[in-house]
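Visitor: Attaching a single structure in structure tokens format; questions to follow.
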Number of protein chains: 2
Amino acid sequence: MTTEMLGIRQVKVKDGFWGKRIDRAIERVIPYQWRVLNDREPDAAPSHAIENFRIAAGLSEGEFKGYQFQDSDLAKWIEGASYSLIYKDDPLLREDLKAAIELIGRAQQPDGYLDTHYIVKKPDKKWQELAHGHELYCAGHMLEAAVAYRQVTGDDSLMRIMDRLVDLIRAKFGKGEGQIDAYPGHEEIELALMKAYRLTGREKYRDLAEFFILNRGTEPGFFGDPRYLELKEKDKALDASYYQAHKPTLEQDTAEGHAVRAMYFFTGMADVAAATGNEELKKTLGRLWENVTKKRMYVTGGIGSQGDGERFTIDYDLPNDTCYTETCAAIGLAMWSLRMLALDPRAEYADIMERALYNNVLSGISEDGEHYFYVNPLMLKPDVARFRADHESMEPNRVKWFPCACCPPNVIRTLTGLGQYLYTRKGRRIYQHLYIGSETEIGDISLVCDSAMPWEGSAHIRVSSAEPFELALRVPGYACGFSVRVNGSDAAFVQENGYRILSVKNGDQVEVHFDMPPQVLVANPRVTEDCGKACVLRGPLVYCAEEADNGPLLQDFRLNPAPGVKVRQSDLFGGIRLLCVQGTRTDGDGDTRLYRPYGEVRRRSADSVLIPYFLWNNRGEGEMTVWMNVTEPGLPE
Amino acid sequence: MTTEMLGIRQVKVKDGFWGKRIDRAIERVIPYQWRVLNDREPDAAPSHAIENFRIAAGLSEGEFKGYQFQDSDLAKWIEGASYSLIYKDDPLLREDLKAAIELIGRAQQPDGYLDTHYIVKKPDKKWQELAHGHELYCAGHMLEAAVAYRQVTGDDSLMRIMDRLVDLIRAKFGKGEGQIDAYPGHEEIELALMKAYRLTGREKYRDLAEFFILNRGTEPGFFGDPRYLELKEKDKALDASYYQAHKPTLEQDTAEGHAVRAMYFFTGMADVAAATGNEELKKTLGRLWENVTKKRMYVTGGIGSQGDGERFTIDYDLPNDTCYTETCAAIGLAMWSLRMLALDPRAEYADIMERALYNNVLSGISEDGEHYFYVNPLMLKPDVARFRADHESMEPNRVKWFPCACCPPNVIRTLTGLGQYLYTRKGRRIYQHLYIGSETEIGDISLVCDSAMPWEGSAHIRVSSAEPFELALRVPGYACGFSVRVNGSDAAFVQENGYRILSVKNGDQVEVHFDMPPQVLVANPRVTEDCGKACVLRGPLVYCAEEADNGPLLQDFRLNPAPGVKVRQSDLFGGIRLLCVQGTRTDGDGDTRLYRPYGEVRRRSADSVLIPYFLWNNRGEGEMTVWMNVTEPGLPE
């Protein structure tokens, strides 16, 4: 029996922590983005995305503008806006969605082709620039949008449009006579096809996804694409590995290249593995998971160690101030983690998924919902970020929008689509991966979850169901003293792969409690940049020191974990838990010598206040660091 | 009374440490470089430098090849080869020098113009591309060569050639009607003109140097140069500050831009200040010295924190693995330090000069004399250096030659010209800055110095002179228990600005002794990259840990200075002193977790062996680090 992800309408998040973020996305950001897409937002550079479709549809005259993947901005907006209807059924938004879909249909060509960049600007180059053309990428995002819109509204108008495009792609790509024996330069369509397969059960979607996944890294691919050759020549970060095309899929054992591409690839790969039972694919996924999470992932769930190529580099290369750790890449890691849970429910996958969502994903958006980080460093000094050429990717502050606007709508669709990350099911066993307040319907089963996360380790789940079923409750990796009581009493359970499995029935009240003492973590000594340092987490939240609380020269603080880390309730940001740590700082600012004898240095006691990483840079510009120098751990006695 | 630098022939180095390096330069490198310059070295890419002169002279047909500053390679070779005649009067080398100079004379144009790049390739662009054309830079190096050749051989044939070029430049540049009101894009001619001034006493050299120095940073300069505008547009590291033209000279208070340019500028500035007594220039130099040595200099005497623009960045920005710290820049720092000593004899200038020479300069050349570093990092991990885009400048190993070959001949001329750094004189007071074995003649005064440096703090100086004079002996900043005995007895002395001044007479035997205990240094807490770290020096030598002695994962070692640093005589490299330190490493390599609880980490005792930094990478490729994590210093009791 396979484990299934739930449909987007089955889970509605109602959570103290996430709820206000989802509300803000719906109230402010989705309308704002619609104005941006329509070039009606005076504060933002014109997107031209809608206008490109109007030109392609013959409703307007002019040039294509924006990136070759500009269509995907509209697609992600449709996906995020569709999900938002679950929370707020806004008739005006429904009208906007309908109008957008009608426009997309009018832009579609008679043979099913749909990509405004090629329709308007390069009609003679269709399917010829696979490495960078992003036709299949845009098709993937629009297919995700179609699935989302269909799932939420029941209306399959966009699915019908996309079905015609998929049929065209199936005809064009393959190993048959006259077909293109290649795969996308930017993965995305694979996971979208698998969503369409899960929605419709139609095997053509699965088969095309499987073809793209298994064909990857083989010849001829896009290796003859002039743009691929040109970029590769100019910049060694853009070699075949940038596209995860350095080896055939089943031979890959390290996560290479552009981190977002890699995550979308692995997500589609896991979807195909689950649907086809391909054991070799599962083994490949296991190797890739080990490589990413044991050798190439920041403690925040960030991935992509280098701005040039926005890519993975080599094992244990995790610099904190010149990383890329793109918001979209962390979203991709959460997507992949969810698929790994569907393949094989193990709490370690959920630990990573949760880490990414609460840290590197959420840091991508400001508390006001209107400013965004593309890059999420683990250390920032504003003056260095502004000056140094190798900090070119670093923005000292979140910005309103980006010329390449992949991240903001990606965060929004993740927020409004958050429900899909909470549960999976395996027959009549429901896995609860995240303790996020929510209302869930799975057939006859209904779950109402209240949660105090991420501030306290407690959740209360009310069960309704016609028949008893199994509830598999994740024991988070950070949990101490995990206890479950049903209707006020201890309940029998089985522990399996990090889940506590118990039988529940209609009317049961399940209480989950665990402690989340602050954790002081150190990195594997192979991580050069973290040697001699430690970071502090509590529950799923990574904490950081900010200049706003601690003054400048954060690097001078040396943490002493011995006295313990104190948890303090604060009124900041509507009520969060701060962490307070003790340590030392250099005494005597008057010593201006650049280098001074160790024996002459005096240190004084100092405290440091830490805030959740995702909240950094919400109180103005300043220094920030996740990793702090630390008193030497565990000396032999 | 002013302090004077000595002429190159007055000091002949005869030193256990430097002698073999000078011999190697003379025996191997100068002949090798001559073959390279003549395109007769099968192992090296053709230089084309001589051929460019032959084409300019009408003796050969063809295109100009190489960089626009290719002429300077020949100039630096002439300078270094001329100095070598002091050590070994080689008739064949004299013939080669004569032939080169004759060729240069034939390439010179009737009006005195001399620059093969413009003569052959761009005759209509003379003096129009000042930001990047390097005509004045090449003229400067050739003038330095002419001075060197004249000083050593007494032959002024090259001086006569250069004098005609200087007269042409004097006519072209200035604030008069029809003159070019600008200054060189790459400083160099200023310090060369001042060498010519000191040699000849002719004020025209000094006046032109003063014009270029004081005019710098003013309008119109080269700000209309299309190449300047183009580069500035493309790369923010190439703005006006790259050329030290961001402000008029006398307003500058930080060292900006291309580090080699800055050093050559400051060197010429100090020469002009000394010759003209310009107090404003002296104040400017004081500010710049403070900025460089207190905020922007590596502990190795390296400068230039960023590869992009090969430049200074901002205060306290001193990353160890992405620095530039070019060999030529450290040579420039030594040159500037010597001029600061001539302006005002203070031991702190000599401390920096010595630090640069023994570390970042000497690391530029391999022990076999035939391999060179352009960039001298303070930390290197070969796999990271190879992969990461922001480590593009890093070579994991010294190489035989560079397409842009400024460093190798610069090291050679520094080695064969080392004598000029040892002493300055102020009337009948002789300042001894460096304890390097040597024979020196200053008028009636003769000094023979034997030294055990850098391994032991002792020197023996035999004095001959018609009349008594003052010997001012530098007390190095690192010296403990500095003692001077004359003819076996304590002698009366005056201590002034770090010099011990005593009266000596004919026949005196002066014995200098001081201890050089290893020093564990930490950096100013504003240096983010060095926080929590320490480095170890002994005397002028910075030490480093290498993989060859300590295995990989150098970053995992944490130094504990409490048990002390042991000095150990070794047979390595013909007999050097190693340093042995104690500390800890992570216990249990079996723990493959990327992040682990602080409380679960165990450390074991470990030793580390350190070698002088300048010797790194002479035993094959491997990790290296100068800075090591360190036990917390000076906690309050």
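The values are calculated or read from the model by the stated rules, or taken from the named source; none is laboratory data. A quick note: this is a predicted structure, and the numbers were derived from the prediction, not measured. Please note: Cβ atoms are built from the backbone with ideal geometry, for glycine as well, and neighbour counts cover all protein chains shown. Ligands, DNA and RNA are stripped out before the accessible areas are found, and what is left, the full protein with its side chains, is counted by its heavy atoms. Shrake-Rupley method; radii C 1.70, N 1.55, O 1.52, S 1.80 Å.
Visitor: Indicate the residues belonging to region B:556-598 that lose 20 Å² or more of solvent-accessible heavy-atom surface (probe 1.4 Å) upon moving from the chain alone to the assembly of all protein chains, ignoring ligands and nucleic acids.
Guide: Residues meeting the cut-off: B:556, B:558, B:561, B:584, B:589, B:592, B:594, B:595, B:596, B:597, B:598.
Visitor: Of A:84, A:458, which has the most accessible area with a 1.4 Å probe, and how do the rest follow in descending order?
Guide: Heavy-atom accessible area, descending, gives A:458, A:84.
Visitor: For chain A, max minus min Cα coordinate along each principal axis, in Å, sorted largest first?
Guide: Largest to smallest, the principal-axis extents are 77, 65, 49 Å.
Visitor: Using only helices, what value at 222 nm comes out for chain B when you add -39,500 (n - 2.57) per DSSP H run of length 4 or more and divide by the total residues, to the nearest 500 deg cm²/dmol?
Guide: That comes out to -10000 deg cm²/dmol.
Visitor: Now for a separate question. Taking the highest mean first, how do the peptides A:425-431, A:66-72 order by number of other beta carbon atoms within 10 angstrom per residue?
Guide: A:66-72, A:425-431
Visitor: Provide the per residue accessible area, probe 1.4 Å, for chain A, rounded to a whole number of square angstrom.
Guide: Per residue, chain A has an accessible area of 34 Å².
Visitor: Round to the nearest 0.05 the FRET efficiency obtained for residue B:45 and residue B:121 when R0 = 25 Å and r is the Cβ-Cβ distance.
Guide: The calculated FRET efficiency here is 0.85.
Visitor: Only bridges whose two residues both fall in the protein assembly as shown count here: according to DSSP, what percent of them are antiparallel, nearest 5?
Guide: Bridges in the protein assembly as shown are about 90 percent antiparallel.
Visitor: Take B:175, A:76, B:295 and sort them by solvent-accessible surface of the protein heavy atoms, 1.4 Å probe, largest at the top.
Guide: B:175, B:295, A:76
Visitor: Classify region A:418-473: rounded, prolate or oblate, from the alpha-carbon gyration tensor (a ≥ b ≥ c, eigenvalue square roots; a/c under 1.5 rounded; otherwise prolate if a/b is larger than b/c)?
Guide: Cα axes put region A:418-473 in the prolate bin.
Visitor: Once phi is turned into ³J(HN,Hα) by the Karplus curve 6.51 cos²θ - 1.76 cosθ + 1.60 with θ = phi - 60°, what whole-Hz value does each residue of region B:320-326 show in order, with x for glycine and proline?
Guide: For region B:320-326, the Karplus curve yields 8, 10, 10, 7, 10, 6, 5 Hz.
Visitor: Points 7 angstrom from Cα along the Cβ direction at residue B:511 and residue A:283: gap in nanometres?
Guide: Taking the simple label geometry, residue B:511 and residue A:283 are separated by 7.7 nm.
Visitor: May I ask which of B:247/B:295; B:400/B:533; B:282/B:426; A:12/A:283 have a Cα-Cα span longer than 22 Å here?
Guide: As for pairs spanning more than 22 Å Cα to Cα, those are B:400/B:533; A:12/A:283.
Visitor: How large, in percent, is the carbon and sulfur part of the accessible surface of region A:105-219 at a probe radius of 1.4 Å?
Guide: The nonpolar share, carbon plus sulfur, comes to 43 percent.
Visitor: Starting from the Cα gyration tensor of the protein assembly as shown, take the square roots of the eigenvalues, sort them a ≥ b ≥ c, and report rounded, prolate or oblate (rounded when a/c is under 1.5, otherwise prolate if a/b is larger than b/c, else oblate).
Guide: Prolate.
Visitor: Relative to the other copies, what are the label-point distances for residue B:400, with labels 7 Å from Cα along the C-beta vector, expressed in nm at one decimal and sorted shortest first?
Guide: 5.9
Visitor: Among all the aspartates and glutamates, which ones have a C-alpha under 16 Å from residue B:121's C-alpha, if same-chain residues fewer than 8 places away are not counted?
Guide: Once the sequence-local aspartates and glutamates are set aside, what remains near residue B:121 is B:51, B:61, B:63, B:71, B:129, B:135.
Visitor: Quick check: the distance between the Cα centres of region A:23-75 and region A:469-542, to the nearest angstrom?
Guide: After rounding, the separation between the Cα centres reads 43 Å.
Visitor: Right, next: Output the residues of region A:361-396 meeting this criterion: accessible area (heavy atoms, 1.4 Å probe) in the chain alone minus accessible area with all protein chains in place is 50 Å² or greater.
Guide: Those are A:387, A:388, A:389, which lose 50 Å² or more relative to the chain on its own.
Visitor: Quick one: which residues, 5+ away or cross-chain, put their amide H under 5 Å from the amide H of residue B:457? H built at 1.01 Å from N.
Guide: Sorted by chain and number, the residues that satisfy this are B:514, B:516.
Visitor: If you don't mind, another one. Give the shape of region A:155-223 as rounded, prolate or oblate, defined through the alpha-carbon gyration tensor: a ≥ b ≥ c are the square roots of its eigenvalues, a/c under 1.5 means rounded, and otherwise the shape is prolate if a/b is larger than b/c and oblate if not.
Guide: The shape class here is prolate.
Visitor: Let me ask something else. Please find, among residues of chain B, the one with the beta carbon closest to the rotation axis relating it to chain A, distance in whole Å.
Guide: Closest to the rotation axis on chain B: B:390, 2.
Visitor: Which value in nm describes the separation of the simple spin-label points at residue A:202 and residue B:621, placed 7 Å from the Cα toward the beta carbon?
Guide: Calculated label separation equals 5.3 nm.
Visitor: Placing the label point 7 Å from Cα along the Cα-to-Cβ direction, what are the distances from residue A:619 to the equivalent spots in the other copies, shortest first, in nm to one decimal?
Guide: 5.1
Visitor: Something else now. State the extension gain, in nm to one decimal, for the chain segment bounded by residue B:404 and residue B:383, taking 0.36 nm per residue of separation less the distance between their alpha-carbons.
Guide: 5.1 nm
Visitor: Follow-up question, since we're still on this one. What nm distance separates the two modelled labels at residue B:23 and residue B:95, each placed 7 Å from Cα along Cα→Cβ?
Guide: Here the modelled spin labels are 2.6 nm apart.
Visitor: From the backbone phi of region A:288-300, what are the Karplus-calculated ³J(HN,Hα) couplings (6.51 cos²θ - 1.76 cosθ + 1.60, θ = phi - 60°) in whole Hz, Gly and Pro given as x?
Guide: 5, 4, 4, 5, 5, 7, 9, 9, 9, 10, 6, 5, 7
Visitor: Mind grabbing the interface size between A and B? I mean buried accessible area, both sides, 1.4 Å probe, in Å² to the nearest hundred.
Guide: So the total buried area for this chain pair works out to about 6000 Å².
Visitor: Other chains' Cβ within 10 Å of A:525-538 residues: what's the mean?
Guide: Shielding by partners across A:525-538 averages 5.
Visitor: Rounded to the nearest Å, what's the spacing between the alpha carbon centres of region A:194-250 and region A:376-418? Just the number, please.
Guide: Between the Cα centres of region A:194-250 and region A:376-418 lies a distance of 27 Å.
Visitor: Hey, another quick one. Taking a label point 7 Å from Cα toward Cβ, how far is residue B:35 from its twins in the other copies, in nm, shortest first?
Guide: 7.4
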